[in-house]
1. Please give the length that would be gained between Glu135 and Ser116 if that part of the chain were fully extended, namely 0.36 nm times their separation in residues minus their C-alpha to C-alpha distance (nm, one decimal).
2. With a cap of 16 neighbouring Cβ atoms within 10 Å, and only residues DSSP puts in a loop, list the chymotrypsin sites (Phe, Trp or Tyr not before Pro) found in the range 157-220.
3. Could you pull the Rg and Dmax for the range 169-213, using just the Cα atoms, both in Å?
4. Please compute the contact order of the chain in relative form: average sequence separation of alpha-carbon pairs under 8 Å and at least six residues apart, divided by the residue count, as a percent.
5. Counting alpha carbon pairs within less than 8 Å and at least 6 residues apart, what relative contact order, in whole percent, applies to the range 86-204?
6. Calculate the FRET efficiency for Glu95 and Thr222 from the Cβ-Cβ distance with a Förster distance of 30 Å, rounded to the nearest 0.05.
7. Give me the Debye-computed log₁₀ of I(q)/I(0) at q = 0.08, 0.10, 0.13 Å⁻¹ for the chain, equal point scatterers on Cα only, no solvent, two decimals.
8. How far apart, in nm, are the 7 Å Cα→Cβ label points at His173 and Gln45?
Amino acid sequence: MKRKLVFSVIGILIILFMMVGGYKITVSRSYQLFGGLTQQIDTEQKVVALTFDDGPTQNVHESLPLLDKYNVKATFFLIGQDIEKYPEEAKQIVEAGHQVGNHTYSHDRMVLKSQSFISEEIEKTDELIREAGYEGENDFRPPYGKKFVGLPYYLSKEDRETITWNIEPDTYHTTPVDKVNYVKENIQPGSIILMHPMYAEVDKVLAEIEGVIQTLQDEDYTFVTVDELQGM
Ligand SMILES: [Zn+2]
């Protein structure tokens, strides 16, 4: 009886450890079970990549001129169903010379999903990205940065690279000033910065982006696309 209880307790502990370990792998920005993952680049050169998640939305009309003003090329991880809603905006991103990446079709969590669901999400979005005229390197970023077994397995089979980030101002701060300060304090050569310019309060997020660009350009950083960063 006592022995049975001990085994049950050990069993529960093992399951708990596996759940915690599995969750950590799922949300980790720097590790996944299969295939290549880039969170930042190891370099001495003062280069960084500015990356934008989600959309496109009508906010593109305001973010593109801002990037142009500072001569910055960024990387946009676009959602397939949003490209369907805003095809012109997707084309404008491509025409402005930015890198475009795949952020799935529905922005659903790609955890505990079948291989056919995952491949449909990614391939449908690839097709929409190509229809927008994009011909460059098409990297992938998982929604919410989440990936467990099925997604990395699919990506490694397809020889597709996962791009995460090491600088995430939106996670830790709410005001533009705090976000810019956080970036200034944590930036390293080869960093990948994640920002979200496609939603409400566009003026606020544009101020954040402009603050980040000015601050880092003042420190002699050059902005490059993720693909260019990986070539360094
Ligand atoms: Zn997203």
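A short reminder: the numbers here are calculations on the coordinates, not readings from a lab. All values derive from a computational prediction rather than experimental measurement. Here Cβ is always computed from backbone atoms with ideal geometry, including for glycine, and neighbour counts include all displayed protein chains.
1. Result: 4.4 nm gained on full extension.
2. Tyr199
3. Just the Cα atoms of the range 169-213 yield Rg and Dmax of 10.1, 31 Å.
4. 31
5. 24
6. It comes to 0.85.
7. Debye output, listed in q order: -0.32, -0.48, -0.76.
8. 2.7
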